[in-house]
Structures are given as C-alpha cells and as structure tokens.
Amino acid sequence: QVQLVESGGGLVQPGGSLRLSCAASGIIFRLNNMGWYRQAPGKQRELVASISLGGSGSYADSVKGRFTISRDNAKNTVYLQMNSLKPEDTAVYYCNARHGSLERWGQGTLVTVSP
C-alpha cells in the first residue's frame, strides 16, 4: 500500500535548524510532484514548499530564503531543510505526493519552535 512516512520533527530554539524527511513507498516516486504542507493549531493547512518532477522548487513567501526542498528519486525521499526557524513555524508538517488528480498524505510530524 501507499505510505508516506515523515521524520525529523522535534523541538528547536528560534534561529535553529531542522531537516524533515519523507520516505515514500507504494508509488512511482519519480512521477509524483512532492510537497510539504503545515498546519498550526487553529489554522488551515497551508503549502510550504513543493518540488516538481524535474526538481524545481517553489516556496511560500513566509519561508523563502529559509527553507529548501529537495528530492532524491533513488531513495524515494523528499526533504525539507528548515533554517532560521521562528516560533510562527510551529506546526504539524505533512508530506504530500501528487500525480495528476491523485493525492496522498503522510501522517505528519510536529515541529515546535520555542525558547
């Protein structure tokens, strides 16, 4: 079956860094556009970053210059490098795989940015 398994979340101080990973199985990874979304308490889920089949990344304005998305098709894994973290980055981060109109989601990993 399809699985997207996120890892790498945790507690970090403001200004710190974290690297999230999402390992995919059960899909043809190289044919999927991949993305990272986040949902903070009381807020709607929002797109943070996405990466195309060819490896081009796009970012929400709030994370541009701080976050970098990348993918390794040989490992069926997408990454989100998060630097200069701020308290407002606190959220559950979800991995998303999209192929045409078909979307799959991971279970999420919690990132907490706090002194």
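Below are the figures for this structure:
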| read-out | value |
| --- | --- |
| Residue match in the stretch 49-63 (condition: crowded, with 20+ Cβ neighbours inside 10 Å and within 11 Å of the chain's Cα centre (by Cα)) | yes |
| Subset of the stretch 18-28 that is outside any loop (DSSP other than H, G, I, E, B) and open to solvent by less than 60 Å² (accessible area, probe 1.4 Å) - its residue that is nearest to residue 93 (Cα to Cα) | 20 |
| Restricting the stretch 1-17 to residues that are among the aliphatic types (A, V, I, L, M) and under 17 Å from residue 99 (Cβ atoms), the residue that is most open to solvent (accessible area, probe 1.4 Å) | 2 |
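The values are calculated or read from the model by the stated rules, or taken from the named source; none is laboratory data. Quick caveat: nothing in here was measured; it's all calculated off a predicted structure. Reconstructed Cβ throughout: ideal geometry from the backbone, glycine too, with neighbour counts over all protein chains shown. For accessibility, only protein heavy atoms count, side chains too; no ligands or nucleic acids. Shrake-Rupley method; radii C 1.70, N 1.55, O 1.52, S 1.80 Å.
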